[in-house]
1. What residue among B:Ile187, B:Ala64, A:Thr34 has its Cα farthest toward the positive end of the dipole of the protein assembly as shown, where the charges are +1 on Lys, Arg and -1 on Asp, Glu, each on the Cβ?
2. Whole-Hz ³J(HN,Hα) for each residue in segment A:212-223, computed from phi via Karplus 6.51 cos²θ - 1.76 cosθ + 1.60 with θ = phi - 60°, x for glycine and proline: what do you get?
3. Calculate one ³J(HN,Hα) per residue across segment A:249-254 by plugging θ = phi - 60° into the Karplus curve 6.51 cos²θ - 1.76 cosθ + 1.60, and present them in order as whole Hz with x for glycine and proline.
4. 7 Å from Cα along Cα→Cβ at both A:Asn364 and A:Glu326: what's the point-to-point distance in nm?
5. May I ask you to sort B:Met203, B:Met267 by Cβ crowding, counting other Cβ atoms within 10 Å and putting the fewest first?
6. 7 Å from Cα along Cα→Cβ at both A:Tyr44 and B:Gln226: what's the point-to-point distance in nm?
7. What FRET efficiency comes out for A:Val66 versus A:Ile25 if R0 is 30 angstrom and r is the Cβ-Cβ distance? Round to the nearest 0.05.
8. Can you give the angle from 0 to 90° between the axis of helix A:229-240 and the longest principal axis of chain A, with both taken from C-alpha atoms, to the nearest 10?
There are 2 protein chains.
Amino acid sequence: MIGDCMENDVITKLNNLGKKMVEQIKMGESPHFTTILRSRGNTYYNEKEKVLELGDKTEKRTFANVAQARKFMQTLAIASKCKKFVRENLHTSIRGLYYQLKFSLGENLEENLFSEQSESNPLIEDLEVALNVKREDFNLNTDRKGFVAGRMIIEDSFGGEKTRIDCSKQGRSGWSIPSDVDNGMEILDLKADYVLVIEKDAMWQRLNEDKFWRKNNCIIITPKGQASRGTRRLLRKLADMGLPIYVFTDCDAWGWYIYWTIKTGSMNLAYLGKNIAVPEAKFVGVTMQDIKDFEFLSKLTIKTKDVDIKRAKEMLSYPWINQYKEWVNELKTVIRTKRKIEQDALQGQRLTFVGEYLSEKIKNKKFLP
Amino acid sequence: MIGDCMENDVITKLNNLGKKMVEQIKMGESPHFTTILRSRGNTYYNEKEKVLELGDKTEKRTFANVAQARKFMQTLAIASKCKKFVRENLHTSIRGLYYQLKFSLGENLEENLFSEQSESNPLIEDLEVALNVKREDFNLNTDRKGFVAGRMIIEDSFGGEKTRIDCSKQGRSGWSIPSDVDNGMEILDLKADYVLVIEKDAMWQRLNEDKFWRKNNCIIITPKGQASRGTRRLLRKLADMGLPIYVFTDCDAWGWYIYWTIKTGSMNLAYLGKNIAVPEAKFVGVTMQDIKDFEFLSKLTIKTKDVDIKRAKEMLSYPWINQYKEWVNELKTVIRTKRKIEQDALQGQRLTFVGEYLSEKIKNKKFLP
């Protein structure tokens, strides 16, 4: 698992990587380093920690291997650039890194390896895993997404300045969650009983307009769909500060995926393990049971798509999900009835109902695990 | 063209729509209203205003027409819901409106007409055009996108409270541009010589970290790709306050499209005409000429895709583009060389170069029209 890393640690780790290779060369060995195998076969659900993690299968990256030589060299060039970024105290994107490498190394770079969209640049992941450092600690920004409102004060040290941001004074916009919520960022004050995560930005705006966070003394966060790395780290930090995390999504394939990614982490970021997962998270809705409990919802369900049924069946096969009879019931109901329901449907009767629904369910602890 | 509309105007306009129909019924006529035809054939480039606009072809919507009756009824139901939203001073999304209608009207609603993604819900557009009101004035939120940093103070009146937001004190995050920048939102203070629009969020973050806006006394805005309605309105407002608008995008199909949409408006929002367009905007880069002017860039170009060439040829056929010889040269160079260049490439040499490049080009007024 990859934790929060201070600037000096990163430089030291990068220096040590280089020094070790110099020694290897002096010893007449091919320079090499070891990383952990990132594959489905080496991804496990850790029952104690309740998160998805990598196992202990390792892989050796070495220069003296025709298949690996070029990528090995590129990885070292990335390490060198990242050391420079951290030293200069400047940030860039994966795309910015790509052009820095292209400038230094010339044309022989696979462009698609360094696309901003690519969630899993394998060379950077190699470094993250081998050195036990997050890419954000290398001053590499990832796509930011997500907004916060509530009584939380952030101190953001950025570009040589400190700014205090009061998330209760951001009007209709909220505070935008950055790529990196660890380095140069501190939560100075937090007055809330829990965190409510709301799948859709439009619904977050609805609840922000109703000042749900003030009336219910909570922090409201929208990941705007699937949660970014920054949002997942922020949720982990808030959980570490003792706040319960409640998640409110659609009752459909995408909504469940968003919840379980927040809770257990995801396959493709399993190497970040428990630093990016919130196993304490609970699911507040929308559920198939709600359709029975709130009569007006029954006319607001919609037909499932193939992807919903396929996903529900997949989820039923995961031991970390099918251990909970509540989730088994929920998923089987969707498969049987072929109906699903969106969080937006809660506005059908009146716009403000969604806040009443949430505070009621949270008060009565009507959660799925 | 559809302007900024106060709450009372909107209610009055909606009331008048209803009253007119009651009169029509009393006169023994079928209730009806007139809207302007929104089609390519009725979309024109207004040479005087330099924006894309609808022409004067109209269409009649009427209840007594088998093909129109159901949609006519839905349109009136939308008008009624929107009046309620404005009266209650509550906002929702298109999806929220969909569920309100579904709750009231039952199952007979075409779900896809009311998708959040659908840029052009034809029934709501009918109302916007017929009443000369933006959907934001109906309290319907559209997808928000885009960030601002610089010396601008906003007063955001929202949910019954006023908040002051200082866009120079938002740290690494910036101020997120909301869906509606007209109603309940005022620019209290603005200290800047110009506005720089930066296609990509990652590049905006780079320039924000360098405090480009402070060093160059400007406002920096990223639309995060194609500009949202809110971002386009904000740019129009800033241009109305006398600030030049400079746009910085990739030199490729998507970058050009972003620029020309900001400048002349777009086909599908032509009904919003000059209220959403900034014909004064100028293009600061990246250009094919830059590759000659900055030698290191020549090794950082990338191969065009079919879409780039196709788009360049299309643009050459538009009279509002091919009137400028600079753009004709630019596009022909791309078609001939089959090379393009991204704004991120400017970081290839060193991360801070992009700021030097921009301030130099802006100082020397090296713009494309």
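Quick note: the coordinates plus some simple rules give every number you see, no bench work behind them. Bear in mind the structure is a predicted one, so any value in this text is a computation, not a measurement. Counting neighbours? That spans all protein chains shown, and the Cβs are built from the backbone with ideal geometry, glycine included.
1. The one lying farthest along the dipole's positive direction is B:Ala64.
2. With the stated coefficients, segment A:212-223 comes to 4, 5, 6, 4, 10, 6, 9, 9, 10, 10, 10, x Hz.
3. Working through the residues one at a time gives 10, 4, 8, 7, 3, 5 Hz.
4. Taking the two extended label points, one gets 1.3 nm.
5. On the way: B:Met203 25, B:Met267 12.
Listed from fewest to most nearby Cβ atoms, that is B:Met267, B:Met203.
6. Roughly 4.7 nm, to one decimal.
7. It comes to 0.95.
8. 70
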